[in-house]
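Please read the structure below before turning to the comments.
The values are calculated or read from the model by the stated rules, or taken from the named source; none is laboratory data. Keep in mind that what you see is a predicted model, and the values were worked out from it rather than measured. In this analysis, Cβ positions are derived from the backbone assuming ideal geometry, glycine residues included, and neighbour counts consider all displayed protein chains.
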Amino acid sequence: MKEERSIRILAPVAGRITDIQVKQKEKVNAGDVIGTLSVNNVKNEILSETTGIISSINVNVGDRVIATDTLFEIASDE
């Protein structure tokens, strides 16, 4: 049996959350787009870094974030 661990998805830069494409407890695969962060009208896709279940969504659409803010947490068994 694999040990479950939590992976934090951090904001790569400061910006505004313009889209959240997942719901809590939803299964995601590594590389899936889970949200969008806009910086100066340039949209940056936020990708899942692992396969697992969304355990926490720490932002809402419209929120301003700074680099290294935790946006999502994914329970991973990889």
Practice problem: For the range 4-15, enumerate the residues that are surrounded by fewer than 14 Cβ atoms within 10 Å (Cβ to Cβ) and of a type in the set (Gly, Ala, Ser). | Solution: SER6, ALA14
Exercise. Please tell me if SER48 is polar (S, T, N, Q) and in contact (Cβ under 8 Å) with a residue 60 or more places away in the chain.
Key: no
Quiz prompt | Candidates THR18, THR36 - the one that is surrounded by 12 or more Cβ atoms within 10 Å (Cβ to Cβ), more than 12 Å from the chain's Cα centre (by Cα), part of a strand (DSSP E or B) and at pLDDT 95 or above | solution = THR18
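Could you tell me how many of the residues in the range 39-69 are outside any loop (DSSP other than H, G, I, E, B) and either on the phi > 0 side of the Ramachandran plot or of a type in the set (Gly, Ala, Ser) (or both)? Don't jump to the end; show me each part of the working.
Taking the range 39-69 as the starting set, the residues that turn out to be outside any loop (DSSP other than H, G, I, E, B) are 39, 42-47, 52-57, 64-65.
Keeping just the survivors that are either on the phi > 0 side of the Ramachandran plot or of a type in the set (Gly, Ala, Ser) (or both) gives 52, 55-56.
So the count comes out to 3.
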